[in-house]
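Everything on this sheet refers to the single structure shown next.
Since every read-out is calculated from the coordinates, none of them should be taken as a lab result. Not measured: the values here are computed from a predicted model. All Cβ positions, even for glycine, are placed from backbone atoms using ideal geometry, and neighbour counts span all protein chains on display.
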Amino acid sequence: RKPRLLALAGSLRQDSWNRLLASAAAQMARDAGAEVVEVNLRDFPLPLFDEDIEAAGLPEQVSRLKDLFASADGLLIASPEYNGSVTAALKNLIDWVSRPDGQYGRAEVFQGRRAALFATSPGGLGGMRGLNHLRDILQPLGTWIAPTMLAVPESMNIFDAEGNLVDDGARNQLRALVEQTLAAIAV
Ligand code: FNR
């Protein structure tokens, strides 16, 4: 069967550069023969993680997200860098999804997943410090991280007016990362 990927960006912003980058990666993966579901975090408004909310009953959006992760072989994650780390929105999602419940064990939906981690930032470093943190969060949950994490600087110069990734260097590096990730998926 085709490899299944989940693509998402760790930004809630309507015009997120990282969501555009996640979409570009999703299209490259489809071109390489994968099935890709793109998740916009704006469609999954999550409360800040709180064990009391969890004990009162898992929010429906959390269950839907867990099912999406569970059905994926791999992850394409575009992670903006906030103050040198991952966004609170992305960490909050990981915290919710990593928890055991009646259906899934602890971190079950992360285990064995193959993940491409990438970022873009208007700044010169592209968000690599945040990717290092994200790797350190996901690896202990059992996710395999593609070795070549990609941080693309100067977000404002790499997309066209329609939001397509048009920078050749970024396209080539992102395609290589997507292919590295797909190659690590045994289906
Ligand atoms: C930022 N930004 C930022 N950029 C960066 O390269 N390193 C950083 O440490 C930070 N820190 C930071 C903190 C906070 C609170 C905000 C709001 C922003 C800038 C950030 O890269 C920029 O806003 C991106 O456009 C965010 O990604 P999206 O939303 O466009 O995907």
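Taking 0.36 nm per residue of separation and subtracting the Cα-Cα distance, what length does fully extending Asp50 through Asn132 add?
Values: separation 82, 0.36 × 82 = 29.52 nm, distance 2.56 nm.
Extending this stretch completely gives an extra 27.0 nm.
Using the Karplus curve 6.51 cos²θ - 1.76 cosθ + 1.60 with θ = phi - 60°, what ³J(HN,Hα) values do you get for each residue of the range 72-84, in whole Hz, with x for Gly and Pro?
9, 7, x, 10, 10, 10, 9, 10, x, 9, 10, 6, x
Note the full-extension length gain between Asp168 and Asp95 as 0.36 nm times their separation in residues minus their Cα-Cα distance, in nm to one decimal.
On the way: separation 73, 0.36 × 73 = 26.28 nm, distance 3.54 nm.
Using 0.36 nm per residue and subtracting the Cα-Cα distance, I get 22.7 nm.
Give me the dipole magnitude in Debye, nearest 20, for the chain about the Cα centre, with unit charges on the beta carbon: positive for Lys and Arg, negative for Asp and Glu. Display every interim value, and only then the final one.
Values: 18 positive and 23 negative charges, 93 e Å.
Once rounded to the nearest 20, the dipole reads 440 debye.
For the range 32-80, give the magnitude of the charge dipole about the Cα centre (Cβ charges: +1 Lys/Arg, -1 Asp/Glu; no others), in debye to the nearest 20.
Working: 3 positive and 10 negative charges, 35 e Å.
Roughly 160 debye, rounded to the nearest 20.
Apply the Karplus parameterisation 6.51 cos²θ - 1.76 cosθ + 1.60, with θ equal to phi minus 60°, to every residue of the range 146-154 and state each ³J(HN,Hα) to the nearest whole Hz, in sequence, with x for glycine and proline.
After applying 6.51 cos²θ - 1.76 cosθ + 1.60, I find 4, x, 8, 5, 10, 10, 9, x, 6 Hz.
What number results when the radius of gyration of the range 4-183, computed over Cα atoms, is divided by 2.2 N^0.38 Å? It would help to have the intermediate numbers written out before the result.
Values: Rg = 15.5 Å, N = 180, 2.2 N^0.38 = 15.8 Å.
The range 4-183 yields a ratio of 0.98.
Using 7 Å Cα-to-Cβ label points, what is the Ala88/Glu60 separation (nm, one decimal)?
2.6
What is the gain in length, in nm to one decimal, between Ala183 and Val37 on full extension, counting 0.36 nm per residue of separation less the C-alpha to C-alpha distance? Mind dumping the intermediate values first?
Working: separation 146, 0.36 × 146 = 52.56 nm, distance 1.84 nm.
This chain segment gains 50.7 nm when fully extended.
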